[in-house]
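The values are calculated or read from the model by the stated rules, or taken from the named source; none is laboratory data. None of the values given here were measured: they were computed from a predicted structure. FYI the Cβ positions are ideal-geometry reconstructions off the backbone, even for glycines, and counts take in every protein chain you see.
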Amino acid sequence: MRNLIIVAIPIALAAAAQQPDKEAVRVACQTTTFQMQPGQVDNAVVIKDPAGEQTVLFDTTSGGAIVSYKYTSVEHTWGWNGGGLLQMAFHASMKRGPWPGDYNPTQAGDGSAFSPVVGVACKGTEAITILTMMLDFNHNNGFYEKPLIAVWGGRVNDMFPLSYASPYTLETRASWVTNPSGTPKYYLKLEERFTHIADEKIGEFGYDFADYMPWEFDVRAVSPENCPCNSSATNYIAGGWYRDQERTTGLAVAMPSSNFPKGQVGGSFNSDYMWRNRNFHLTSSEALDGIAQKNLVWYVMPGSWSSALSFAKALK
């Protein structure tokens, strides 16, 4: 993970320029747009694997979460709103108000406003680093004691319910790693740095590595089964959804249990019948109190479950 984020904006070189700055061109990102429901057009940054099999869009309007993941031209991410992307989220159960609530800093935002991306750096279309300031998805229904109203559209947010910033940053570095099984040739590696920038105690956080997929992916896969499991009992946790009983077409996510060496790791499934998506979540919990940071890594693996599982079992 980098300690410094280079803010890179696509550069339009003047026609009269004789020699472009090669370093500036190298860090500039390939950008595009993505239309969410109901017709919201977001900006996104594009990365592609070296074999040209996978195209991934990181939505810079919605906190840098993955809004589209295409392998062999098949879409593997639901992507219709900020609550259904491939992203990180964090949950703290709070009992400070008249009822218990979920304090939920989320990469994409809170469903009405979006977590601001404050830094982006790219290595062409091969790798990307994004720095995100996360909003509380649940609009402070956990009664966080020091809420800060979010800024949206250049002014203090005045929507209802109000949007609230959280004192957490998320740095995401995405790059490609070789798949020893060969199909696809690469998997996506996501290195995360979760940082608490306030000197306070919140207590235990639930870590949610969330993957939302289209409804057509309806066959489950998870390993090890019957978790949560102690990290000492397994070196990995992996799971996802597939379109066929043989589990040859789908997408899984995995993480090494070394992310949480003193805790438990697990995986959970859900089918959202209202929004018509399937989702899978890698999970664990740990406190991050005071001014502190937590480094994490997870992997995104399209293709067959057998290939993904073989890769996951080798994680350290």
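Filtering region 29-47 to residues that are without any contact (Cβ under 8 Å) to a residue 40 or more places away in the chain and in a loop (DSSP other than H, G, I, E, B) leaves Pro38, Gly39.
On the basis of being assigned to a loop (DSSP other than H, G, I, E, B) and at negative phi, does Phe143 make the cut? No. Residues that are in a strand (DSSP E or B) and modelled with pLDDT under 90 within region 149-171 comprise Val151, Trp152, Arg155, Val156, listed in sequence order. All of Asn259, Asn270, Asn295 fail the test of being of a type outside the set (Asp, Glu) and touching a residue at least 60 places away in the same chain (Cβ under 8 Å), apart from Asn295. Look at Ser175 and say whether it is under 29 Å from Pro50 (Cα atoms), of a type in the set (S, T, N, Q), touching an Asp or Glu at 6+ places or on another chain (Cβ under 9 Å) and without any contact (Cβ under 8 Å) to a residue 60 or more places away in the chain. In short, yes.
Among the residues making up region 160-193, those that are among the aromatic types (Phe, Trp, Tyr) and within 17 Å of Phe58 (Cβ to Cβ) are Trp176, Tyr186, Tyr187. Counted as qualifying within region 242-311 are the strands (runs of 3 or more DSSP E) with 2 or more residues that are surrounded by fewer than 22 Cβ atoms within 10 Å (Cβ to Cβ) and at pLDDT 95 or above, namely 264-272, 277-287, 292-303. In region 98-116, the residues that are farther than 24 Å from Ser285 by Cβ form Cβ pairs under 7 Å with partners that are buried (at least 19 other Cβ atoms within 10 Å of the Cβ) and among the hydroxyl-bearing types (Ser, Thr, Tyr), at six or more places apart or across chains, as follows: Ser112/Ser163; Ala113/Ser163; Phe114/Thr61; Phe114/Ser62.
Within region 102-116, how many residues are at pLDDT 95 or above and among the hydrophobic types (A, V, I, L, M, F, W, C)? Residues meeting the conditions: 1. Residues in region 93-138 that are in contact with a His (Cβ under 8 Å, 6 or more places away or on another chain) and acidic (Asp, Glu) were compared, and the one that is surrounded by the fewest Cβ atoms within 10 Å (Cβ to Cβ) is Asp102. Screening region 182-235 for residues that are basic (Lys, Arg) and part of a loop (DSSP other than H, G, I, E, B) and picking the one that is surrounded by the fewest Cβ atoms within 10 Å (Cβ to Cβ) gives Lys201. Residues in region 165-181 that are surrounded by fewer than 18 Cβ atoms within 10 Å (Cβ to Cβ) and in contact with a Gly (Cβ under 9 Å, 6 or more places away or on another chain): Ser181 only. The residues in region 179-201 that are within 30 Å of Pro50 (Cβ to Cβ) and touching a strand residue (DSSP E or B) at 6+ places or on another chain (Cβ under 6 Å) can be counted, and the count is 12.
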